[in-house]
1. Quick one: Gln90 ticks every box in (1) in contact (Cβ under 8 Å) with a residue 24 or more places away in the chain; (2) buried (at least 19 other Cβ atoms within 10 Å of the Cβ); (3) touching a Leu at 6+ places or on another chain (Cβ under 7 Å) except a single one, so which number is it?
2. Looking at the stretch 130-137, can you tell me whether even one residue there is closer than 22 Å to Cys47 by Cβ, loosely packed, with under 15 Cβ neighbours inside 10 Å, at pLDDT below 95 and not hydroxyl-bearing (Ser, Thr, Tyr)?
3. I'd like the full set of residues that are touching a residue at least 12 places away in the same chain (Cβ under 8 Å), assigned to a loop (DSSP other than H, G, I, E, B) and loosely packed, with under 12 Cβ neighbours inside 10 Å, limited to the stretch 138-161.
4. Here are the criteria: (1) in a loop (DSSP other than H, G, I, E, B); (2) more than 24 Å from Leu33 (Cα to Cα). Tell me which single one Asp117 does not satisfy.
5. Would you confirm, using the coordinates I've provided, whether Arg124 is basic (Lys, Arg) and in contact with a Leu (Cβ under 8 Å, 6 or more places away or on another chain)?
Amino acid sequence: MSKTFDFSVNGKAVSVSLDNEETPLLDVLRNELGLMGTRFGCGLEQCGCCMVLIDGAPEKCCTKPTWSVAGKQIVTVEGLGNAARPHPLQQAFLDEQAGQCGYCLSGILISAKALLDKNPKPSRAEIAQALDGNICRCGSHNRILRAVEKAATALRAGAAR
């Protein structure tokens, strides 16, 4: 017997019926809602590829049961911006060429967004700490840090207008 779970994804109300309420949120986002930006990495909540914002907090969703997000607001990387109107974080990552393969970037962008929402002027050490739950194996760490710094500056400048 299926159960229905209601929550918000990227500002839109969704209702999902599942036979197994333990189905991970990542599977629902990708397979039921077609949001492919959130990635499956390790499947053990270790790498950060599956990071989403849940009620504004960054959380790994590869093992998070869907029932646990009922009534909550989820933001995926698709909710940040798009090619026509990228979020300042996305633009900064492009400008700094912060990704090589890009597999980890959706999780890193979500973690960085959560940081900048709470702290608009983070130090480099605070940025590194906020991204500690995200693994990038390409070695573009310095470019990633620069991109987050650049986005923080852009977001502050935009807020000042």
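The values are calculated or read from the model by the stated rules, or taken from the named source; none is laboratory data. This structure is a prediction, so every number in the text was calculated from the model and none was measured. All Cβ positions, glycine included, derive from the backbone under ideal geometry; neighbour counts span all protein chains shown.
1. That leaves (1) as the condition not met.
2. Looking for residues that are closer than 22 Å to Cys47 by Cβ, loosely packed, with under 15 Cβ neighbours inside 10 Å, at pLDDT below 95 and not hydroxyl-bearing (Ser, Thr, Tyr), one finds at least one in the stretch 130-137, hence yes.
3. Once the filter is applied, which keeps residues that are touching a residue at least 12 places away in the same chain (Cβ under 8 Å), assigned to a loop (DSSP other than H, G, I, E, B) and loosely packed, with under 12 Cβ neighbours inside 10 Å, the stretch 138-161 yields only Gly139.
4. Failed condition: (1).
5. The answer is yes for Arg124.
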